[in-house]
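Each remark here refers to the structure printed beneath this line.
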Amino acid sequence: MKIVVLVKQVPDSGAERNLRPDDNTVDRSSANNVINEMDEYAIEEALRLQEAHGGEVTILTMGPERASESIRKALSMGPDGAVHVLDNALSGTDALGTSRVLAAALQRINPDVVLCGAESTDAGGQVLPHMLAERLGIAALTGARKLTVEGSQLTIERQTEEGYEVVTAATPAVVSVWDTINEPRYPSFKGIMAAKKKPVETLSLADLGVSAEQVGWTGALTGVASHSKRPPRSAGQKVADSGEGGVQLVEFLTNEKFV
Amino acid sequence: MASVVRMLPTPEAHDLIDLTYELADKELAMKVDEFEGRGEFPREIIRTLGRSGLLGLPYPAEYGGAEQPYEVYLQVLEILASRWAAVAEAISVHTLACYPVAHHGTPEQRQRWLPEMLGGELLGAYCLSEPAGGSDAANLSTRAVKDRDRYFVNGTKAWITHAGVADFYNVFARTGGPGPKGISCLLAPSDTAGLHVQARERTMGLKSSPVAQVSFDDAAVPEDRLVGQEGEGFRIAMGALDSGRLGIAACAVGLAQGALDYATAYAKDRTQFGQAIIDFQAVAFMLADADTQISAARALMLHAARLRDHGHPYSIEAAKAKLFASDMAMKVTTDMVQVLGGAGYVADHPVERYFREAKVLQIVEGTNQIQRLVIGRSLAKD
């Protein structure tokens with residue numbers, strides 16, 4: 001089974017994150033950049049599939065030069081190799097453009113299963129798996145909390161607010177996962193050493209046959225027009241109990257639709 | 001947290017230290033209170049560390065070790081101890097328990113046991129001390145009598161870390177006459193008939209680490225589990241202890257660093273008389289002294305480790321490192337409780353735990369009095 005895991009490098013969600021004042025993009029230079037948390041669950045799921053069914057696991061990343069750190073980190077968990085789409089013209093690419101580039105890369109690899117996190121911690125759009133599946137003409141099994149494979153049949157439990165739905169599709173398919181699906185392993189020291197020797201193929205837009213006009217700032221159909229800092233949290237409302245504090249609390253909770 | 005600047009010998013050592021910080025922050029720091037509170041041994045966490053390669057750091061790659069020099073291994077221990085001393089101690093004890101087979105085992109013994117020992121699947125214990133004495137190990141009284149292809153062991157071992165959770169026990173027992181030359185080393189599996197783990201000690205600290213007596217009642221250990229030659233046991237035990245002392249020094253440095261980091265953050269946050277208490281010289285000087293002492297202890301520990309790594313005699317330096325680092329950790333953790341004042345005396349803040357844990361480091365792997373004896377004797381000899 002050929003598995004590709006999409007890995008995105010994002011600013012650490014545990015640290016202070018900012019948008020750049022000049023072009024409204026995520027400021028990646030001041031942040032500690034890490035693997036998008038949900039993608040680690042996708043990597044773990046891919047490795048479990050590989051352990052159960054054999055085959056190979058490839059990491060696919062689109063991102064600037066420094067995204068190679070995240071690729072090495074991902075490889076240290078156990079995947080066999082990686083593809084890094086790296087091109088200066090990609091700066092400013094929106095989700096639609098990203099899906100165009102990743103779809104082109106996936107067509108070269110031709111995997112049975114494409115695994116990815118259900119969302120990224122920076123953009124959080126949850127749209128990429130669907131866009132990719134549409135472009136590739138394959139099924140999208142999104143928001144999985146469980147994945148099982150029988151032959152060429154994939155079955156997921158799609159997590160919903162009320163419970164879960166069982167969704168099946170034949171391979172090839174895109175599967176996006178939530179952090180409820182497994183517990184990602186830590187890299188091992190040996191894995192870190194081995195990762196340094198694993199093949200990482202770097203591809204440009206030209207390699208993928210995608211023109212620079214279709215991506216980047218020029219190709220973007222969506223963009224961030226402006227941004228401002230979230231206002232500081234306002235002081236809370238104090239309820240002084242002079243005999244009817246309970247009533248006031250209930251009124252507050254009802255007005256705010258907490259109850 | 002003040003970051004520790006580390007001089008490491010290789011790029012891979014930097015990777016290992018990064019991995020250790022990740023494990024320390026994500027696994028240990030999150031779970032320490034829960035396990036210490038319950039007094040539960042974190043076997044699964046130790047297994048996770050084993051799978052990440054942290055249980056066989058100083059041993060050869062051909063048996064699944066990471067072939068790291070002691071100067072790197074000790075810094076890993078130090079980082080783990082800064083989050084959870086019992087886990088660092090567990091790794092130090094386990095590494096010590098692998099020492100006899102790794103250094104004195106036959107090729108067959110190494111092939112048979114080391115991969116699982118170093119991979120974290122088998123956990124080790126080290127049985128040298130006895131109820132009648134730990135410091136005077138050469139006079140131990142546990143006996144092993146050979147009958148055909150088995151040794152029958154009788155006696156009681158005391159202060160055994162991992163008692164009841166270990167998969168194998170290094171047992172030092174008398175197979176010959178009195179004195180150090182009559183002692184041998186046997187590797188007893190935990191399911192040996194006649195090996196009995198006694199009631200768990202109610203320790204002051206390191207509560208997640210089980211310590212108990214282990215008694216041997218005609219416990220039969222196959223002869224192919226003799227490590228080294230008969231009569232070599234004391235030499236093996238002392239060699240392992242030199243390395244073990246460095247492990248305890250690393251635990252002490254890490255413990256003190258953890259206490260300092262916490263107290264420093266607290267002192268920046270806590271205000272009295274309208275200013276952060278770290279801006280009062282009385283507090284800042286206490287923190288500065290602690291920081292200085294920790295750096296000195298780390299430097300001494302690493303000096304001893306580098307001597308070992310380069311094949312020089314290091315046992316006296318190891319004794320100094322263990323002595324200085326553990327006395328330092330006692331002093332520093334006492335002072336860090338003081339920095340927090342009343343808050344430091346309650347279990348809501350980890351300095352209370354660090355303080356209780358520091359004490360044992362002055363006692364184990366040779367009391368600090370024994371370390372002084374060792375150092376003093378070496379001076380008398382010169």
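Based on protein heavy atoms only, the stretch B:235-381 ends up with 44 Å² per residue of surface accessible to a 1.4 Å probe.
Estimated at the nearest 10 Å², the accessible area of A:Val250 is 90 Å² with a 1.4 Å probe. Note on surface exposure: A:Arg230, B:Arg150, B:Arg356 rank A:Arg230, B:Arg150, B:Arg356 by accessible area, highest first, 1.4 Å probe.
Remark: mean inter-chain Cβ contacts per residue of B:44-52 equal 2, using a 10 Å Cβ-Cβ cutoff to other protein chain atoms. The helix-based estimate of mean residue ellipticity at 222 nm for chain A, built from -39,500 (n - 2.57) per DSSP H run of four or more residues and divided by its residue count, is -8500 deg cm²/dmol to the nearest 500.
Going by average Cβ neighbours within 10 Å, how do the peptides A:69-76, B:93-100 rank, with the highest at the top? Write down the numbers at each step before the final one.
Numbers: A:69-76: 21.8, B:93-100: 26.1.
The packing order, highest mean first, is B:93-100, A:69-76.
A straight line joining the Cα centroids of the stretch B:65-83 and the stretch A:21-88 runs 28 Å. For the stretch A:2-219, relative contact order (Cα pairs under 8 Å, six or more residues apart, normalised by length) works out to 27 percent.
For the stretch B:234-296 versus the stretch A:185-234, the spacing of their alpha-carbon centroids is 41 Å. Cα centroids of the stretch B:323-382 and the stretch B:190-207: how far apart, whole angstrom? Measuring centre to centre over Cα atoms gives 25 Å. In percent, rounded to a whole number, the relative contact order of the stretch B:58-194 is 19, using alpha-carbon pairs under 8 Å and six or more apart.
Only protein heavy atoms count here; under a 1.4 Å probe, B:Ser295 has an accessible surface of about 60 Å². Put a dot 7 Å past the Cα of B:Asp217, heading toward its Cβ, do the same for B:Ala61, and the two dots end up 4.9 nm apart.
Largest GNM mean-square fluctuation across B:Ala144, B:Ala296, B:Ala250, computed for chain B with C-alpha springs under 10 Å, falls on B:Ala296.
The values are calculated or read from the model by the stated rules, or taken from the named source; none is laboratory data. Since the model is a prediction, treat every value here as computed from it, not as a measurement. Cβ: placed from backbone, ideal geometry, glycine included. Neighbour counts: every protein chain shown. These accessible areas exclude ligands, DNA and RNA; they are computed on the full protein's heavy atoms, side chains included. Shrake-Rupley method; radii C 1.70, N 1.55, O 1.52, S 1.80 Å.
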